[in-house]
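For reference, the structure is listed below as structure tokens.
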Amino acid sequence: MTTDFCKKPRRSPRERIIEAARDLFRRNGIRGTGVDAIADAADSNKMTLYRHFNSKDELIVECLYRAGMEMDGFWQELEEAHPGDGLMQLRTWVRSLAAHLDDDSCHCEMMSAAVQLTDEDHPGRSLIRTFKDAQRDRVVALCHKAGIADAELLTDTLLLLIEGARATQKSSGVMGPSARFAEIADAAILSFAKGDIGIGRRA
């Protein structure tokens with residue numbers, strides 16, 4: 001017999017709407033998803049949706065904010081797994097990204113939104129820039145912790161490899177060049193760590 005205390009608490013309408021919106025935005029795109037579809041998927045209605053969010057744009061911003069918060073949690077887990085070891089944190093970060101590169105539910109919501117939100121005045125674009133800047137700062141800090149002399153150059157190399165791998169996978173599939181992303185990125189990290197690439201060694 002099922003008892004009341006065994007039942008999972010029902011999420012609030014606001015949380016259901018955010019979860020449904022993020023899922024639909026990932027699968028169908030931001031512009032391809034209307035508020036009616038979000039309300040239906042959240043087992044709610046448009047009136048409730050607009051009671052929590054003044055507009056679809058406001059909901060988009062909240063979804064992006066949630067994605068950024070989840071990434072903050074990932075960085076903390078990385079530090080706890082390899083405390084004080086910047087090089088291992090860098091290599092683990094790359095391997096984690098590679099492991100989820102072909103997982104549609106884990107693709108970069110920020111990158112996807114940046115492509116779709118073409119209006120420079122959209123509030124989501126400011127949040128995306130803030131997130132990307134913060135991510136770059138974190139990687140630069142890890143590179144410094146790992147003893148990389150040219151931390152900013154390695155950071156930009158890795159970020160370009162990540163975005164390139166995601167874009168290439170869309171056009172060439174999981175068996176295309178993106179399949180070697182982890183190998184290429186790890187080789188770059190180790191080359192910088194050894195001082196084979198960096199300040200004073202640029203072509």
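Observations on the structure shown:
- Gaussian network model of the chain, Cα within-10 Å springs - most flexible of 148, 184, 128: 184
- For region 149-158, backbone phi angles converted through the Karplus equation (6.51, -1.76, 1.60; θ = phi - 60°) give residue-by-residue couplings of 5, 9, 4, 5, 5, 5, 4, 5, 4, 5 Hz, Gly and Pro being listed as x.
- Percent of Cα-Cα distances greater than 18 Å, calculated over region 10-53: 16
- For the chain, a crude dipole built from +1 on the beta carbon of Lys and Arg and -1 on the beta carbon of Asp and Glu, taken about the Cα centre, is about 240 debye to the nearest 20.
- Point-to-point label distance, residue 65-residue 41, nm (Cα→Cβ direction, 7 Å offset): 2.0
- Computed on the chain, the Cα convex hull volume stands at 167 Å³ per residue.
- Rg and Dmax of region 3-78, based on Cα coordinates, read 14.0, 43 Å.
- In range of the label at residue 172: residues from region 122-163 whose backbone nitrogen is under 15 Å from the point 7 Å along Cα→Cβ: 161-163
- Number of Lys-Lys pairs in the chain with C-alpha atoms under 22 Å apart and a separation of 8 or more places or on different chains: 4.
- In percent, rounded to a whole number, the relative contact order of region 10-53 is 44, using alpha-carbon pairs under 8 Å and six or more apart.
- ³J(HN,Hα), Karplus 6.51/-1.76/1.60, whole Hz, each residue of region 133-148, x for Gly, Pro: 5, 5, 4, 4, 4, 5, 5, 4, 4, 5, 5, 4, 5, 7, x, 6
- Between 38, 52, 20, the Cα set farthest toward the positive side of the dipole of region 10-53 (charges on each charged residue's Cβ, about the Cα centre) is that of 52.
- 3J(HN,Hα) from dihedral phi, region 110-120, Karplus parametrisation 6.51/-1.76/1.60, rounded to Hz, x for glycine, proline: 5, 5, 4, 5, 4, 6, 7, 8, 7, 6, 4
- Between 124, 68, 32, the GNM of the chain built on Cα springs shorter than 10 angstrom shows 32 fluctuating the most.
- With a cut-off of 11 Å between beta carbons, the residues surrounding residue 68 carry a summed charge of -2, where Lys and Arg count +1 and Asp and Glu -1.
- Across the chain, the relative contact order, built from alpha-carbon pairs under 8 Å that are at least six residues apart, equals 19 percent.
- Summing Cβ point charges (Lys, Arg +1; Asp, Glu -1) relative to the Cα centre of region 10-53 gives a dipole of roughly 140 debye.
- Mean-position separation - Cα centroids, region 53-88 and region 145-160, in angstrom: 21
Read the figures in this text as sums done on the coordinates, not as results from a lab. Just so it is clear, the model here is predicted, and its values are computed rather than measured. Note: ideal-geometry Cβ built from the backbone for every residue, glycine included; neighbour counts use all protein chains shown.
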